[in-house]
Structure formats: structure tokens, C-alpha cells
1. Suppose we filter the stretch 53-75 for residues that are modelled with pLDDT of 90 or more and in contact with a helix residue (DSSP H, G or I) (Cβ under 6 Å, 6 or more places away or on another chain); how many remain?
2. If I go through the stretch 105-121 residue by residue, how many of them are over 16 Å from residue 81 (Cβ atoms) and modelled with pLDDT of 95 or more?
């Protein structure tokens with residue numbers, strides 16, 4: 001690549017968010033945080049206190065469900081890192097406490113878009129042909145997405161700090 005001012009490789013308006021956000025580290029945090037919802041669902045189902053649409057306990061279905069949620073966790077945490085690394089959110093994204101608050105907001109956004117809108121409105125006729133779609137307002141999906149966001153938001157500043165030492 002050249003260092004010509006019009007080259008995209010040196011365009012300072014594009015590079016900082018992608019490079020400085022350290023999104024690959026956030027994506028790994030997202031995989032860890034992505035374990036939150038499947039673990040909570042499995043544990044509560046095994047204890048008989050399931051409070052939402054529990055994952056199927058059959059090995060093939062459960063395995064696919066876990067893989068899908070971990071992949072979502074990877075992608076959504078990388079997007080979180082890029083989004084919060086833009087100012088004015090950057091000052092909040094460097095502290096685990098304020099990062100956690102940003103993360104809870106992000107988890108709420110993920111729930112609203114993915115569960116309430118995409119799964120229950122846009123994909124309802126395609127995905128839920130054999131059964132009715134789960135209610136978007138069940139406690140488990142809301143808690144799962146808020147917990148995911150909390151973990152991503154709190155852990156992202158920690159891994160950023162470790163990665164830049």
C-alpha cells in the first residue's frame with residue numbers, strides 16, 4: 001500500500017475505530033459472555049425452574065444452539081467494541097463500571113432488535129412454522145441479553161488494558 005493521502009490504508013477517519021478498538025479481543029470476550037445465556041437456560045431447565053424458552057436438551061439441537069449463540073457473541077461483541085470506541089462513548093468504555101452500563105444498554109438493544117423485532121416479527125413465518133414463536137417479553141431472553149451486554153461491557157475495558165500493556 002502507499003502512503004498517498006487518498007489511500008484508504010492511511011485514512012484516519014476509518015482506521016482508528018477498526019484498529020484502536022481492538023475488536024478481536026472484544027470478540028473473544030463476546031464468546032465468553034455468549035456462554036451466559038445458554039448456561040443459564042441449561043441450568044434452570046435442569047433444576048426445573050426454567051423461566052423462558054429453554055434450549056432443547058437433545059445433544060444435536062443443544063449443540064447447534066450453543067454454536068449459534070457463541071457465534072452471535074463473537075460478532076456482536078466486535079461490533080460493540082467498534083461502536084463504543086468512537087467518541088463520545090470512548091471515555092465510558094475504558095472503565096469496567098461505566099463499560100458495564102454501556103453493555104447493559106447494548107444488551108437491551110440486541111434484545112429489542114433480535115428477539116422482539118427480527119425473530120418475532122420479520123422471521124416469524126419462516127422460523128416458527130411448527131410452533132408458535134416464543135414471547136419476546138419472557139424473562140429469560142431479556143435477562144440473557146442484558147447479562148451478555150453487562151459482561152461484554154465490563155470485560156472489554158479489562159482486555160483492552162491487558163492487550164495494550
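1. 2
2. So the answer is 1.
The values are calculated or read from the model by the stated rules, or taken from the named source; none is laboratory data. Quantities reported herein were computed from a predicted structural model and do not represent experimental measurements. Ideal geometry is used to build each Cβ from the backbone, glycine not excepted, and the neighbour counts take in all protein chains shown.
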